[in-house]
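Enquirer: Here you go, one structure.
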Amino acid sequence: MDVVKVIIEKELKVTFNSLLIYIAYVAFFCVTGFTCWFSGKNVFYSGQASLSYLFSVFYWTLFFLIPALTMKSISEERKDGIFELLFSKPIKTWQLIAGKYFAILIQIAICLALTFPYYITIASLGHVDHAVGFCGYLGLLLVSGCYISIEMFASSLTSNTIVAFFVTFALLIWFQFLFEFIAELWGAGFMAALFTYLSMGEHFDAISRGIIDTKDLVYFITLTTIFLSLTRHYISKNRF
């Protein structure tokens, strides 16, 4: 775990010494701030203090933010030959992946923590269920974890960051739109239920409403584990 900690610290130091993370944060708050407070359907549109719209805005903004933050996580280091240098040291593949994964997750957690003034403002406008608020942020972290693992997998496939970015979007589109669309085409039955379960939005919606179900937690943990395992496989395959 000491190696993982060192990698996390190194990744965070490099990231916060770069202008990219600050541009990403500013872009995130510009989009969410305008959408939440000034757009036609802002948080005041429903006439009540509701957290559902707030979390929906965060959810879709992260859909674009995370691929932009993580597309270089592996592909650029492979292109620059940094992997060869790293693996000349006593570092295991899983340690490198875990370090990078948690470093990016911490960056997203910081970004979400900075949105607490949004939450406090809505809570001051009327009664809100704080348990739902906790679940909403938990759901966003779980979704972010899945996004990061998918992007790391895409980044492990190629040394081209742009290709990694578009591969990530292709995979995310399946989990966000196409599985749900296919489920609607089936209408009912086992296949419809299967594709509905594969749709990420179904699980986030449930958690963001304050419903923590084992099947939703299993979904996020399983999906993250699968893509991190695939990432490890492809890095190990090309390690030597």
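The values are calculated or read from the model by the stated rules, or taken from the named source; none is laboratory data. As the structure is a computational prediction, the values presented were derived from the model and not from experiment. Glycine also receives a Cβ, built like all others from the backbone with ideal geometry; neighbour counts cover every protein chain displayed. What goes into the accessible areas is simple: the full protein's heavy atoms, side chains included, and nothing from ligands, DNA or RNA. Shrake-Rupley method; radii C 1.70, N 1.55, O 1.52, S 1.80 Å.
Enquirer: For the residue pair V163 and W94, what label-to-label distance in nm results when each label sits 7 Å from Cα along the Cα-to-beta-carbon direction?
Expert: Between V163 and W94, the label points sit 2.9 nm apart.
Enquirer: Just want to confirm a number: the relative contact order over region 91-240, from Cα pairs under 8 angstrom separated by 6+ residues, in percent. Mind dumping the intermediate values first?
Expert: Details: 127 pairs, mean separation 48.6, N = 150.
Result for region 91-240 is 32 percent.
Enquirer: Carbon and sulfur atoms: what percent of the 1.4 Å accessible area of the chain do they account for?
Expert: Details: 8560 of 12310 Å².
Summing carbon and sulfur atoms, their accessible area is 69 percent of the total for the chain.
Enquirer: Is region 93-221 rounded, prolate or oblate when judged by the Cα gyration tensor, a ≥ b ≥ c being the square roots of its eigenvalues, rounded requiring a/c under 1.5 and prolate requiring a/b larger than b/c? If you can, show how the numbers build up before the last one.
Expert: Numbers: a/c = 2.07, a/b = 1.12, b/c = 1.85.
Note, shape of region 93-221 comes out oblate.
Enquirer: Divide by every residue of the chain the summed helix terms, -39500 (n - 2.57) for each DSSP H run of at least 4, and state the resulting mean residue ellipticity at 222 nm, rounded to the nearest 500 deg cm²/dmol. The partial results should precede the final answer.
Expert: Working: 13 runs with 186 residues, N = 240.
Per the formula, -25000 deg cm²/dmol.
Enquirer: So how much slack lies between D129 and T225, counting 0.36 nm per residue of separation and subtracting their Cα-Cα distance, in nm? Working shown, then result.
Expert: Numbers: separation 96, 0.36 × 96 = 34.56 nm, distance 3.13 nm.
Result: 31.4 nm gained on full extension.
Enquirer: OK, next. Go ahead and set up a Gaussian network model of the chain, Cα springs under 10 Å, then flag whichever of V31, V14, V132 fluctuates most.
Expert: Fluctuation is largest for V14.
Enquirer: Separation between the F63 and Y25 pseudo-spin-labels, each 7 Å from Cα along Cα→Cβ, expressed in nm?
Expert: For the pair F63/Y25, the computed spacing is 2.6 nm.
Enquirer: With labels modelled as points extended 7 Å from the Cα through the Cβ direction, what inter-label distance (nm, one decimal) is found for T121 paired with K5?
Expert: 3.9
Enquirer: A follow-up question, please. Mind checking Rg over Rh on region 117-177, alpha carbons, Kirkwood formula for Rh? Don't skip to the end; give the middle numbers.
Expert: Values: Rg = 16.8 Å, Rh = 13.8 Å.
Here the Rg-to-Rh quotient is 1.22.
Enquirer: Same structure, new question: Quick one: net charge of I211's neighbours, Cβ under 15 Å, K/R +1, D/E -1? Display every interim value, and only then the final one.
Expert: On the way: positive: R209, K215; negative: D129, E202, D205, D213, D216.
It works out to a net charge of -3.
Enquirer: Quick one: accessible area per residue over the chain, 1.4 Å probe, rounded to a whole number of Å²? Spell out each step's value before the answer.
Expert: Numbers: 12310 Å² over 240 residues.
Spelled out: the 1.4 Å probe surface of the chain, per residue, equals 51 Å².
Enquirer: Can you tell me which of L19, L114, L142 moves the most in a GNM of the chain? Springs connect C-alpha atoms under 10 Å apart.
Expert: In this elastic network of the chain, the residue with the biggest mean-square fluctuation among L19, L114, L142 is L19.
Enquirer: Just to be sure I understand the rule: take each whole DSSP H helix in the chain, project its Cα atoms onto its long axis, keep it if the span is 20 Å or more and its mean Kyte-Doolittle hydropathy is at least 1.0. Which ones pass?
Expert: Details: long enough: 2-16 (21 Å, 0.63); 19-37 (27 Å, 1.93); 52-70 (27 Å, 1.52); 93-113 (30 Å, 1.53); 130-157 (41 Å, 1.37); 214-237 (34 Å, 0.49).
Within the chain the helices that satisfy the rule are 19-37, 52-70, 93-113, 130-157.
Enquirer: Sticking with this structure for a sec: What is the Å³ per residue value for the convex hull set by the Cα atoms of the chain?
Expert: Values: hull volume 34.2 nm³, N = 240.
Expressed per residue, the convex hull around the Cα atoms of the chain is 142 Å³.
Enquirer: Moving on. Just the Cα atoms of region 167-218: what Rg and Dmax do they give in Å?
Expert: 11.6, 32
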